[in-house]
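Single-structure report; data block below.
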Amino acid sequence: MLDVRELEALPICRQLALIRIARGLTQQSVARRAGVGEIYLSKVERGHRPLTAGLEQRLRAAIEIETIEGAGRSRHHSVEPCRDRGRVGRDERW
């Protein structure tokens, strides 16, 4: 289980993935709500595709997140380079 400080230290794409998992949402359902493909969402969560400000907003809406505390993304609207930051798997729990 991660505490808030540990979550805030992670890249935004990983934060979104972990919150999605904690809420019991599938990549398929979130991808559909955000208007992207499931494979594309998987690649974004793993850092293999960029997380643009627009996609971040759609993912937040799909996961029903207003803000993520400590995430600089709400202040900086650039592409998030979320590469090589580890895997998000079923074994990770809050």
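Structural remarks
- If the condition is being farther than 21 Å from ALA53 by Cβ, assigned to a helix (DSSP H, G or I) and of a type outside the set (S, T, N, Q), then the stretch 10-31 contributes ILE21, ALA22.
- Some residue of the stretch 31-51 being free of Cβ contacts under 8 Å to residues at least 60 places away in the same chain, touching a helix residue (DSSP H, G or I) at 6+ places or on another chain (Cβ under 8 Å) and among the acidic types (Asp, Glu): yes
- Flag for GLY89 being surrounded by fewer than 19 Cβ atoms within 10 Å (Cβ to Cβ), part of a loop (DSSP other than H, G, I, E, B), more than 12 Å from the chain's Cα centre (by Cα) and modelled with pLDDT of 95 or more: no
- The one condition from (1) closer than 13 Å to ARG20 by Cβ; (2) modelled with pLDDT under 95 that LEU59 does not meet is (2).
- Of all residues in the stretch 32-46 being outside any helix (DSSP H, G or I) and surrounded by 14 or more Cβ atoms within 10 Å (Cβ to Cβ), the one that is modelled with the lowest pLDDT: ARG46
The values are calculated or read from the model by the stated rules, or taken from the named source; none is laboratory data. The structure presented is a predicted model; accordingly, all values stated were derived computationally and were not measured. Backbone-built Cβ (ideal geometry, glycine too); neighbour counts: all protein chains shown.
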